[in-house]
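Written out below as structure tokens is the structure these notes cover.
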Amino acid sequence: MLNVHLVPHTHDDVGWLKTVDQYYYGDRNDIQHAGVQYILDSVVDQLLKNPDRRFIYVETAFFYRWWKQQSSSMQQTVKQLVNEGRLEFVNGGWCMSDEATTHYSAVIDQMTMGLRFLNETFGPCGRPRVAWHIDPFGHAREHASMFAQMGYDGFFFGRLDYQDRARRMIDKEQELLWRASDSLTPPMADLFTGILPNGYNPPQGFCWDQSCDDPPIRDDPDLEDYNVDDVVNRFLTIASAQAAVYKTNHIIMTMGSDFQYENANLWYKNLDKLIHYVNAQQANGIKVNVLYSTPSCYLQELHRANLTWSLKTDDFFPYADDAHDFWTGYFTSRPALKRYERISNSNLQVTCNQLEVLGGPVSRNGHFGEGDIFSPLTVKLNSQTMAVAQHHDAVSGTEKQHVANDYARRLANGWQHCQVVVSNSLAALSGSSAQRIYCDNLNISVCPLTESSKKFSVNVYNPLARPVTWPVRLPVNGTAYTVSDAKGKAVDCQVSVRNWGFAVNELVFQVQAPPLGYSTYSVSLVKDGPPPTSTKYNASDGNNSQSDQPSGAYIFRPNSSTPFIISQTAKTETVQNSVVQEVRQWFAPWVSQVVRLYADSRALELEWTVGPLPIDDSLGKEVITRLDTSIKTSEIFYTDSNGREVLQRKKDFRPTWHLKQSEPIAGNYYPINSRAFIKDDVDQLTVVTDRSQGGGSIHNGSLEIMLHRRLLYDDVRGVGEPLNETSNIFPEGLVVRGRLLLSLDPPPTAADTHRPLAQEMVLQPLLTFTDGNLNPHTQLEFSGLQAALPPAVHLLTLTQWDKDSVLLRLEHQFQSWESKVNSQPVTINLQKLFSTLEVLGMSELNLSANQWKDEMIRFDWNTFHGYLPIIPFWPVGGTGGKLTDCQKWKEIV
């Protein structure tokens, strides 16, 4: 039998054309008809009408909202559907995250949040066994590694480069084993991966939603429009064609799409008929069996087939859906939002959670939420801010403008809630109840306190588990200041004139903060008065002989392979003092750069300011910075994967198929989440970014990073508006500022430098301010650790789990080949780790903290590149090739 697994599903974006709230409630249907609450209402109602029916649901952010509004009797009904396998959760994170522009720490947090709710609400039957990323625009190796370490048995996605898919269809390799780490011992990061046949849509002609135009099954033979024979024949033809490009006698069909099943009766009534009439043909010798199914049921049949699968060790970037349509522009789209998301991750998910633990019950006002798995503050921080921001149409920058504004608003609200926790915790740890002041606009040189106060203190909290040295730059209006550290020792500081921003001057000094702790610096005004004596591509407008595809939010398509140089010369001024050396460059009124080298620094800093991008020539702009060196790269460079492991890239090359390159620039761009580098045998140039950006090595010895984009055309991928950002402050176009850190090291030791640099950029210190003199009994310095962790070990997570326990994640952050010293195994004594917490016991969980580590049993698979033992989960014996009840498999497991 050819078993055809029909998977009823809905794809519910956690914001895209409408905000997350508008999608849930069904508001603003003039933009897009979509209402998630009605989808869940309708699906549950229809599942109860036929025990054969199945449905899968993905986005816990929406399901959690719906669940909280249901009566206890309805909740019990839904639990029964879950226990019986009729309603199955797949993926299960708070959202379906983007894979190019998200940092692995934020992905782990949002997955943990969603999976925890499912685990504590539904028990083992609510735990997803399949990762489901049907819409992201390319797929990262680190995501597959994380899914494997979270206990998933398989991973399914829909978008694949059109050339890659064509080759895999011929070779029947659309299902494979992805070895997603070159450091973890197989099969720890091995993940079976399936590429869905129709993206995530139904086969052509078989869409029966209210948003579809396909005719329903008309099965009354007495009526002239009877069409059962036509439907059956068309379905058998499609099933046969699909089976020809897959390896087993099981194929999967996704029956649903964006926000479908709002009227689930339409789908299920026709699917019931389809299953009935196709299976009736078995009496005529047609060996096709159609059934309601789920991805996990389909996966267990592939596992049961005991075949050998091809192996993949790279990733699925960049993604193109046609010859001139590379989805590499979104690696940089909305750079301001990307930066805001990154620093919000540091402040909300890391610093705030750490201080909630270190400060004790007083930091959260002494209580956890009653009847909820989240504390009152933490649920606001996670569910409404960072978790939602990881969505594949959020930090990616591929949403409508009003939706991007909503994401930013949510992040801002999260900061306000977090600041309550931080203030409470620092008050408890320092013994000072002085009011804490937050300067959220230091990126534009605005801080009313530092600009006006004659004496203030700066508290520097370091979320890393090792000490850091960090430059502090504060807007001031005085000309001379003294700075002293927590021990009263004078700190070298300098005041320089600012030619940008809002304050007259800038006070610069370097601070040192202990591991997982803070240090306090006192600043006093000494003297007031007057102070002492990149490149761009023009974006394609879609008008040329090769293709009419323009650049847009998703797609990068320059109109030339040669960039246009903004200026061959620059207005330049230099600043040199005992703290920092600066070269300030102005290339145009809308492009400037500061090159900085701090005393005793390991890296050169490039601070770029770009915007408003001029559009008076009716052309969009994509601005890059390019670093040209004498390094002999042989067309090879390296980029990180979600901020963690590093992958090798080669110009105009793909490891698993012969590439026919049609876009020499866009087709060689890759996501750079935290760092990229080029190297030869002598030198390695590493660039550390402060947000996710796109980049590539188009020429030997060169590395370029795209900084900003402003476009005048929609790229026809659904968003329906050009990426043309403005704001109230910048009505002529958005101005964006960022930092790149450059290090030049011998290759054998380069990772020992750039790993810590990237970590500091992601998890930068949090500054808080206090006006006037501090209480003399204030504790000016604190560390939550007894000693700093070794360089190889990163404290990834420290967060309150419940009243009496915390969730701790420690990771070895070096790949096995990176460093002679720091790639070696390290032993940590947990009882000697913290300075203020007493470790009474420890239990080890999987990466997503929803399963005990020793109970995590996953499928093993055979691969062409080595044999992996098969663990049988099904009794030996025949079923005639026809699938029986999938629930039996769950019971056996």
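Give the number of residues within the range 126-171 that are closer than 21 Å to Asp860 by Cβ and not in a strand (DSSP E or B).
Residues that pass the stated criteria total 15.
Looking at Gln204, Gln242, which is the one that is out of contact with any helix residue (DSSP H, G or I) (no Cβ under 7 Å at 6 or more places or on another chain), surrounded by fewer than 21 Cβ atoms within 10 Å (Cβ to Cβ), of a type outside the set (Val, Ile, Thr) and over 23 Å from Met1 (Cβ atoms)?
Gln204
Answer yes or no: is there a residue in the range 808-827 that is among the hydroxyl-bearing types (Ser, Thr, Tyr), surrounded by fewer than 20 Cβ atoms within 10 Å (Cβ to Cβ) and part of a strand (DSSP E or B).
For the range 808-827, residues among the hydroxyl-bearing types (Ser, Thr, Tyr), surrounded by fewer than 20 Cβ atoms within 10 Å (Cβ to Cβ) and part of a strand (DSSP E or B): absent.
Restricting attention to the range 774-807, which residues are of a type in the set (Val, Ile, Thr) and either assigned to a strand (DSSP E or B) or loosely packed, with under 15 Cβ neighbours inside 10 Å (or both)?
Filtering the range 774-807 down to residues of a type in the set (Val, Ile, Thr) leaves 778, 793, 797, 799, 806.
Passing the criteria: Val793, Thr797, Thr799, Val806.
Using beta carbons and a limit of 6 Å, which pairs, at least six apart or on different chains, have the first residue in the range 186-204 and closer than 18 Å to Asp214 by Cα and the second one among the β-branched types (Val, Ile, Thr) and outside any loop (DSSP other than H, G, I, E, B)?
Tyr200/Thr254; Pro203/Ile238
Looking at Asp214, Asp229, can you tell me which residue is under 28 Å from Asp13 (Cβ atoms), at pLDDT 95 or above and surrounded by fewer than 17 Cβ atoms within 10 Å (Cβ to Cβ)?
One residue alone meets the criteria, Asp214.
Six or more apart or on different chains, Cβ under 6 Å: which pairs go from a residue in the range 85-99 that's within 17 Å of Tyr64 (Cβ to Cβ) to one that's among the aromatic types (Phe, Trp, Tyr)? Could you list them?
Filtered contacts from the range 85-99: Leu87/Phe55; Phe89/Tyr57; Val90/Trp132; Asn91/Trp132.
Which residues, counting only those in the range 572-626, are among the aliphatic types (A, V, I, L, M), outside any strand (DSSP E or B) and closer than 25 Å to Arg755 by Cα? Give the steps one after another, and end with the answer.
To start, the set of residues in the range 572-626 that are among the aliphatic types (A, V, I, L, M) comprises 575, 579-580, 583, 588, 591, 594-595, 597, 599, 603-604, 606, 610, 613, 615, 619, 623-624.
Next, only the ones that are outside any strand (DSSP E or B) stay: 579, 599, 603, 613, 615, 619.
Hits for the range 572-626 are Val579, Ala599, Ala603.
Determine whether the range 836-845 contains at least one residue that is modelled with pLDDT of 95 or more, surrounded by 11 or more Cβ atoms within 10 Å (Cβ to Cβ) and within 30 Å of Glu301 (Cα to Cα).
So far as the range 836-845 goes, yes, one or more of its residues are modelled with pLDDT of 95 or more, surrounded by 11 or more Cβ atoms within 10 Å (Cβ to Cβ) and within 30 Å of Glu301 (Cα to Cα).
Check Asn249, Asn284, Asn263 and return the single one that is closer than 20 Å to Leu87 by Cβ and among the polar types (S, T, N, Q). Can you show your working first?
Working: Asn249 fails: closer than 20 Å to Leu87 by Cβ; Asn284 fails: closer than 20 Å to Leu87 by Cβ.
Answer to the selection: Asn263.
Please go through the range 674-715 and pick out each residue that is polar (S, T, N, Q), assigned to a strand (DSSP E or B) and surrounded by fewer than 24 Cβ atoms within 10 Å (Cβ to Cβ).
Residues satisfying the conditions are Gln684, Ser702.
For residues that are among the polar types (S, T, N, Q) and in contact with a helix residue (DSSP H, G or I) (Cβ under 7 Å, 6 or more places away or on another chain), scanning just the range 15-69, find the one that is surrounded by the most Cβ atoms within 10 Å (Cβ to Cβ).
Step one: of the range 15-69, the residues among the polar types (S, T, N, Q) are 19, 22, 29, 32, 37, 42, 46, 50, 60, 69.
When the remaining residues are screened for being in contact with a helix residue (DSSP H, G or I) (Cβ under 7 Å, 6 or more places away or on another chain), the result is 19, 37, 42, 46, 50, 60.
Working: Thr19: 25, Gln37: 16, Ser42: 19, Gln46: 20, Asn50: 14, Thr60: 28.
It comes out as Thr60.
So, Ala751, is that one at pLDDT below 95 and either among the aliphatic types (A, V, I, L, M) or in a loop (DSSP other than H, G, I, E, B) (or both) or not?
yes
Conditions (1) modelled with pLDDT of 95 or more; (2) closer than 30 Å to Ser333 by Cβ; (3) in the same structural domain as Glu59 (by TED's automatic domain parsing), marked per residue:
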position	(1), (2), (3)
Gly369	no, no, no
Pro376	no, no, no
Ser383	no, yes, no
Ala394	yes, yes, no
Val420	no, no, no
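Check off (1) under 22 Å from Leu796 (Cα atoms); (2) modelled with pLDDT under 95 for Tyr340 and give me the number that stays unchecked.
(2)
Return the total of residues in the range 186-209 being of a type in the set (S, T, N, Q) and either touching a Phe, Trp or Tyr at 6+ places or on another chain (Cβ under 9 Å) or at pLDDT below 95 (or both).
First, pick out the residues of the range 186-209 that are of a type in the set (S, T, N, Q): 193, 198, 201, 204.
When the remaining residues are screened for being either touching a Phe, Trp or Tyr at 6+ places or on another chain (Cβ under 9 Å) or at pLDDT below 95 (or both), the result is 193.
Count: 1.
Just one of the numbered conditions (1) at pLDDT 95 or above; (2) over 36 Å from the mean Cα position of the chain (by Cα); (3) crowded, with 18+ Cβ neighbours inside 10 Å is not true of Gly478; which one?
(1)
Quick test for you: out of Asp213, Asp229, Asp222, Asp209, pick the one residue that is over 28 Å from Gln32 (Cα atoms), out of contact with any Lys or Arg (no Cβ under 8 Å at 6 or more places or on another chain), of a type in the set (Asp, Glu) and outside any helix (DSSP H, G or I).
Asp222
The values are calculated or read from the model by the stated rules, or taken from the named source; none is laboratory data. Bear in mind that the values here come from a model prediction, so they are computed numbers and not experimental data. Neighbour counts are summed over all protein chains in view; Cβ atoms, including those assigned to glycine, are modelled from backbone coordinates with ideal geometry.
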